[in-house]
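The values are calculated or read from the model by the stated rules, or taken from the named source; none is laboratory data. The shown structure was predicted, so the numbers you read here are calculated from the model rather than taken from an experiment. Because the Cβ atoms are built from the backbone with ideal geometry, glycine has one as well, and the counts that use them run over all protein chains shown.
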Amino acid sequence: MIFINSERIVTSDLCVIKSQTMKNVLRIEELAMAAIGIFTITMLDIQLSWWVYLLLFFAPDISMLGYLINNKVGAFTYNLFHHKAVAILILGLGYATHNQYLLLTGWLLFSHASFDRIMGYGLKYITGFNDTHLGNIGKKKA
């Protein structure tokens with residue numbers, strides 16, 4: 001009986017280790033995507049002060065204001081500005097039209113979404129800000 005309990009504990013611990021390892025691998029992948037996006041932004045033919053770039057980088061977080069209305073609107077607005085498919089669509093339009101500002105917008109959205117994923121903030125469910133596709137964020141309830 002002790003062996004079975006030990007086996008369960010070992011199996012459980014192994015699952016936790018594997019899960020944490022995969023989370024770290026995905027964070028490294030997101031870091032690479034954020035770095036590529038930020039590097040590409042520096043190659044654009046747009047001259048702004050560094051602080052403007054920093055401000056623009058965090059601008060998608062204004063979408064959280066949708067939560068002031070309700071969870072459904074908040075999740076929609078947040079996900080609209082943090083979904084990589086939206087960023088890629090804007091990038092595609094930017095490359096098709098050779099528009100530097102669309103490219104800047106697309107790369108900022110893409111990089112910001114990757115940064116948020118690194119920090120553990122995923123796309124939101126309508127059940128609340130803390131419920132994301134990456135799991136729950138914030139303090140664990142006792």
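Summary of values
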{"quantity": "Residue within the range 102-120 that is under 15 Å from the mean Cα position of the chain (by Cα), in a loop (DSSP other than H, G, I, E, B), modelled with pLDDT under 95 and at positive phi present", "calculated": "yes"}
{"quantity": "Considering residues of the range 14-67 that are among the charged types (D, E, K, R), without any contact (Cβ under 8 Å) to a residue 60 or more places away in the chain and not in a loop (DSSP other than H, G, I, E, B) only, the residue surrounded by the fewest Cβ atoms within 10 Å (Cβ to Cβ)", "calculated": "K18"}
{"quantity": "Tally of residues being part of a loop (DSSP other than H, G, I, E, B) and surrounded by 14 or more Cβ atoms within 10 Å (Cβ to Cβ) across the range 68-101", "calculated": "2"}
{"quantity": "Hits in the range 61-119 (condition: polar (S, T, N, Q) and closer than 22 Å to L44 by Cβ)", "calculated": "T97, N99, Q100, T105, S111, S114"}
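Conditions (1) at pLDDT below 95; (2) closer than 24 Å to F81 by Cα; (3) of a type in the set (A, V, I, L, M, F, W, C), marked per residue:
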| position | (1), (2), (3) |
| --- | --- |
| N5 | yes, no, no |
| I9 | yes, no, yes |
| M33 | no, yes, yes |
| T40 | no, yes, no |
| V52 | no, yes, yes |
| A59 | no, yes, yes |
